[in-house]
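S.K.: So that we are looking at the same thing, I have put the structure below in structure tokens.
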Number of protein chains: 2
Amino acid sequence: MEPIEIVGYAAAVLSTISFVPQAVKTIRTKDTKSISLVMYSLFTTAVLCWLIYGVATHDAPVALANAFTLLFAGIILICKIKYK
Amino acid sequence: MEPIEIVGYAAAVLSTISFVPQAVKTIRTKDTKSISLVMYSLFTTAVLCWLIYGVATHDAPVALANAFTLLFAGIILICKIKYK
């Protein structure tokens, strides 16, 4: 594997797992005061677009990474709406 | 332009601009309590990897989108560290 491919895979894995600690923190504390509703509304829509794009272009890494990100970002968005 | 390309561009634009309202909110309120430090540490590293990947593979949309995202995510991370 080329070194730049490793950087690409690291980027994909890191950007997907980065939302896990936020989702865990938000579920645990129910505190969403400093989280932006507009950010998570836009971001969840963006991730859904990436997922559709990944599926339609048969790009498995893009589809897979964004399926997981959609789950975590969606949880944060639901918490933000619920515990507003 | 194919409809799926429009979805791809929408995804790129939305995921980049989604961090703007969070950065604005954080700068204004100085409140970072419910924001996860681990998330923004991982996510900023991820975006830096995407930027390096985009530049190295001469993928202008990936490089450009992630240069802007790095700026906004970096601001949120700095605020989180500063106003901890």
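The values are calculated or read from the model by the stated rules, or taken from the named source; none is laboratory data. Keep in mind that this is a model prediction, so the values were computed, not measured. Note that we place each Cβ from the backbone using ideal geometry, even for glycine, and neighbour counts take in every protein chain shown. The protein model used for the area step is the full one, side chains on, heavy atoms only, and it has no ligands, DNA or RNA in it. Shrake-Rupley method; radii C 1.70, N 1.55, O 1.52, S 1.80 Å.
S.K.: Any idea how many residues of the range B:9-42 are closer than 24 Å to A:Ile52 by Cα and open to solvent by 10 Å² or more (accessible area, probe 1.4 Å)?
M.R.: Residues that pass the stated criteria total 9.
S.K.: Is it the case that the range A:49-64 has a residue that's open to solvent by less than 50 Å² (accessible area, probe 1.4 Å), under 18 Å from B:Ser36 (Cβ atoms), free of Cβ contacts under 8 Å to residues at least 40 places away in the same chain and not polar (S, T, N, Q)?
M.R.: No, every residue in the range A:49-64 fails to be open to solvent by less than 50 Å² (accessible area, probe 1.4 Å), under 18 Å from B:Ser36 (Cβ atoms), free of Cβ contacts under 8 Å to residues at least 40 places away in the same chain and not polar (S, T, N, Q).
S.K.: Something else about it: Within the range B:70-78, is even one residue in a helix (DSSP H, G or I) and facing chain A (nearest Cβ under 9 Å)?
M.R.: No, that holds for no residue.
S.K.: How many residues are within 7 Å of chain A (Cβ to nearest Cβ), in contact (Cβ under 8 Å) with a residue 24 or more places away in the chain and over 20 Å from B:Ala11 (Cβ atoms) when one looks only at the range B:39-48?
M.R.: Matching residues across the range B:39-48 total 0.
S.K.: Please find, within the range B:49-69, the residue that is farthest from A:Phe19 (Cα to Cα) out of those that are out of contact with any Leu (no Cβ under 8 Å at 6 or more places or on another chain), at the interface with chain A (Cβ under 7 Å from one of its Cβ atoms) and in a helix (DSSP H, G or I).
M.R.: Here the residue is B:Ala56.
S.K.: Right, next: Just wondering, is there one or more residues in the range A:17-38 that are outside any helix (DSSP H, G or I), facing another protein chain (nearest Cβ under 9 Å) and acidic (Asp, Glu)?
M.R.: yes
Results for (1) of a type in the set (Val, Ile, Thr); (2) over 25 Å from B:Glu5 (Cα atoms), shown as yes or no for each residue.
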residue: A:Gly8; (1), (2): no, no
residue: A:Ala23; (1), (2): no, yes
residue: A:Ile27; (1), (2): yes, yes
residue: A:Asp31; (1), (2): no, yes
residue: A:Trp50; (1), (2): no, no
residue: A:Ala67; (1), (2): no, no
residue: A:Ala73; (1), (2): no, no
residue: A:Ile81; (1), (2): yes, yes
